[in-house]
Amino acid sequence: MELADLFPHLAGVRIESVFTDGDWVHIHAAAADTQACCPACGHTCRRVHSRYQRRIHDPAIGGRRVMIHLRVRRLFCQNVECGRKIFSEQILGLTLRHARHSVPARQGLAAIALTAGGRPGAGLCGVVALPGGRMTLLRLIRDVPHPQPATPQVLGVDDFALRRGHVYATILIDLDTHRPVDVLPDREADTLAEWLRAHPGVRIVCRDRAGAYAEGARTGAPQAIQVADRFHRWRNLAEAIEATVIRHRAALPEPPPITDAADPLTAPGSVTASAEAEQDTVCVVPALQHPETRIVVRTRERYAAVQQLVGQGRSISAISRTLRLDRHTVRRFARATDLDELLAKTTNRITLLDPYQPYLNQRFNDGHTDAAALYREIRAQGYRGSPQTVRRYLQPFRPTGTELPVAPAAPKIREVVRWILTKPDNLDPDQRQRLDRILARSPHLAAATRHVAAFAEMMTKLTGHRLPEWIAAVTADDLPALHSFVIGIQRDLAAVTNGLTLPHSSGPVEGHVNRIKMLKRQMFGRANLDLLRRRVLAR
Ligand SMILES: [Zn+2]
């Protein structure tokens with residue numbers, strides 16, 4: 001076997017000696033050819049000006065670092081018409097001008113840089129015995145030619161944060177190959193439109209919200225069909241369901257058994273929840289006293305500040321700047337109908353008493369029926385509500401002396417939201433029974449659950465033609481959060497209908513957005529978009 005078979009990149013040199021020194025292999029070599037081509041004019045030249053030695057890092061051999069000591073020549077360009085008088089020869093497949101690494105070493109380093117990023121990549125270089133510091137790796141990524149993938153027929157568009165909540169960029173994905181095609185520096189309509197004009201041939205644009213991307217697609221590729229991604233719609237529906245569960249949260253706790261002597265209807269202010277009590281949350285909510293923990297104080301202050309600025313007619317962006325709050329937070333505070341709704345969400349509790357109900361029931365059954373004493377006991381355990389709440393809770397059971405059920409604590413809002421959004425077949429029997437009992441107590445939540453199931457069916461069976469029917473059914477019910485969801489859909493009706501009819505979705509985009517988050521963590525704390533783009537597209 002010839003040495004050139006093992007080391008094809010050394011075919012153009014004559015090896016003069018090889019020796020090892022500790023971790024190093026040193027190869028001394030010289031150019032094998034007597035002639036060389038001028039890089040400016042391509043003329044073949046032979047007249048030597050001078051010789052000098054270059055040191056070039058090469059990939060490791062047997063775990064040892066390799067240094068090639070290469071004797072090269074400077075030659076005169078003999079083409080009289082060429083502006084270049086003298087040039088240094090390069091060995092094809094081995095050297096590049098000014099490069100301290102051989103061509104195969106640079107390929108290895110570039111692959112490490114694109115995969116692992118600057119700092120982790122530099123560590124990896126040590127492991128594979130290929131010298132390359134962080135700055136070398138960053139330079140190599142910049143030298144990678146800008147990839148120009150083919151224009152996709154089906155384009156996915158989504159945004160991602162370069163810096164959390166402040167600067168956004170856009171990723172474009174080929175939804176047929178599931179590969180990224182480009183990264184745009186912002187999420188403006190004009191930028192997307194310009195890209196689409198420069199890349200004609202896109203038939204379908206699959207995107208998230210209406211607004212900038214819809215407008216960009218309309219002006220940049222007017223012939224393309226727009227599809228509002230159904231998974232983004234589902235996420236919005238989930239938010240509307242959460243708001244609905246919070247509004248009807250009084251229906252979540254299991255009521256104690258109703259006896260003749262203690263009908264909850266005759267016990268005003270009772271914290272038990274029946275279908276009737278659920279209709280009128282007002283009688284329950286004022287009984288809740290939120291503990292003045294820091295999060296509650298902050299929520300209350302923010303709510304007041306946001307509502308005041310909303311009252312002055314300020315925009316979400318303006319409020320976000322004034323109060324230095326994330327836009328999503330501002331929007332949530334601006335939309336909330338009352339403070340209690342926000343607090344229920346923040347503390348994720350239905351009432352302050354819930355966590356202590358099993359304990360109270362047990363003690364009551366054991367004969368300890370003094371409400372004031374029980375209040376002191378649970379206060380010692382951390383209960384932050386009022387003694388009146390405890391008394392009201394126990395009062396209906398007092399005259400009968402019946403056993404209180406040692407009932408499970410009420411489910412969390414988050415749990416109930418998940419149960420409603422889960423296909424019933426995929427719930428375990430206990431969850432299903434608990435959900436069924438809640439829905440039996442709350443006609444509103446029962447209706448919302450039916451609408452979720454109908455929407456899920458449109459999504460999975462791609463029966464978007466039934467959307468108007470679904471919208472009419474939702475509009476007929478008293479479900480304000482779902483009405484807001486419907487208004488959002490109606491603003492973008494054609495694209496949402498396409499999203500529920502055509503098989504395309506931005507699911508793959510989501511995966512790439514997650515990958516970008518990982519790449520940013522590795523390397524782009526200060527998000528250099530150009531470097532990020534090269535790494536996103538290199539795969
Ligand atoms: Zn020349």
Query raised in the report: So is Ala32 more than 16 Å from the ligand (Cβ to nearest atom) and surrounded by 20 or more Cβ atoms within 10 Å (Cβ to Cβ) or not?
Result: no
Query - Search result, residues across the stretch 217-247 that are modelled with pLDDT under 90 and part of a loop (DSSP other than H, G, I, E, B) - result: Asp229
Report task. Say whether the condition of being within 25 Å of Arg491 (Cα to Cα) and of a type in the set (Ser, Thr, Tyr) is met by at least one residue in the stretch 147-160. Result -> no
Report summary line: For Cys206, the lone unmet condition from (1) open to solvent by 10 Å² or more (accessible area, probe 1.4 Å); (2) modelled with pLDDT of 90 or more is (1)
Requested in this report: Would you check if Ile15 is farther than 23 Å from Val128 by Cα, surrounded by 17 or more Cβ atoms within 10 Å (Cβ to Cβ) and aliphatic (A, V, I, L, M)?
Outcome: no
Query - Verdict on Ala440 being in contact (Cβ under 8 Å) with a residue 60 or more places away in the chain and loosely packed, with under 14 Cβ neighbours inside 10 Å - result: yes
Query raised in the report: Only one of these conditions is not met by Gly83: (1) surrounded by 12 or more Cβ atoms within 10 Å (Cβ to Cβ); (2) within 16 Å of the ligand (Cβ to nearest atom); (3) part of a loop (DSSP other than H, G, I, E, B); (4) not β-branched (Val, Ile, Thr). Which number is it?
Result: (1)
Query raised in the report: Applying the selection to the stretch 298-320, what residues are surrounded by fewer than 13 Cβ atoms within 10 Å (Cβ to Cβ) and not in a loop (DSSP other than H, G, I, E, B)?
Result: Arg298, Glu301, Ala304, Gln308, Gly311, Ser317
**Report entry** Lone unmet requirement of (1) part of a loop (DSSP other than H, G, I, E, B); (2) at pLDDT 95 or above for His69
**Finding:** (1)
Report summary line: Conditions (1) more than 16 Å from the ligand (Cβ to nearest atom); (2) within 20 Å of His101 (Cα to Cα); (3) not acidic (Asp, Glu) -> Gly22 fails only (2)
Query raised in the report: Within the bounds of the stretch 106-113, is there any residue that is out of contact with any Gly (no Cβ under 8 Å at 6 or more places or on another chain), at negative phi, within 16 Å of the ligand (Cβ to nearest atom) and among the aliphatic types (A, V, I, L, M)?
Result: no
Query - Complete set of residues in the stretch 344-361 that are open to solvent by 30 Å² or more (accessible area, probe 1.4 Å), at pLDDT below 80 and outside any loop (DSSP other than H, G, I, E, B) - result: Lys345, Thr346, Thr347, Pro355, Pro358
Query - Residue tally, condition within 16 Å of the ligand (Cβ to nearest atom) and open to solvent by 50 Å² or more (accessible area, probe 1.4 Å), over the stretch 38-79 - result: 12
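The values are calculated or read from the model by the stated rules, or taken from the named source; none is laboratory data. Everything numeric here is computed off the predicted structure, so don't read it as measured data. Don't worry about glycine lacking a Cβ; one is built from the backbone with ideal geometry, like all the others, and counts go over all protein chains shown. Areas reflect the complete protein model, heavy atoms only, side chains present, ligands, DNA and RNA absent. Shrake-Rupley method; radii C 1.70, N 1.55, O 1.52, S 1.80 Å.
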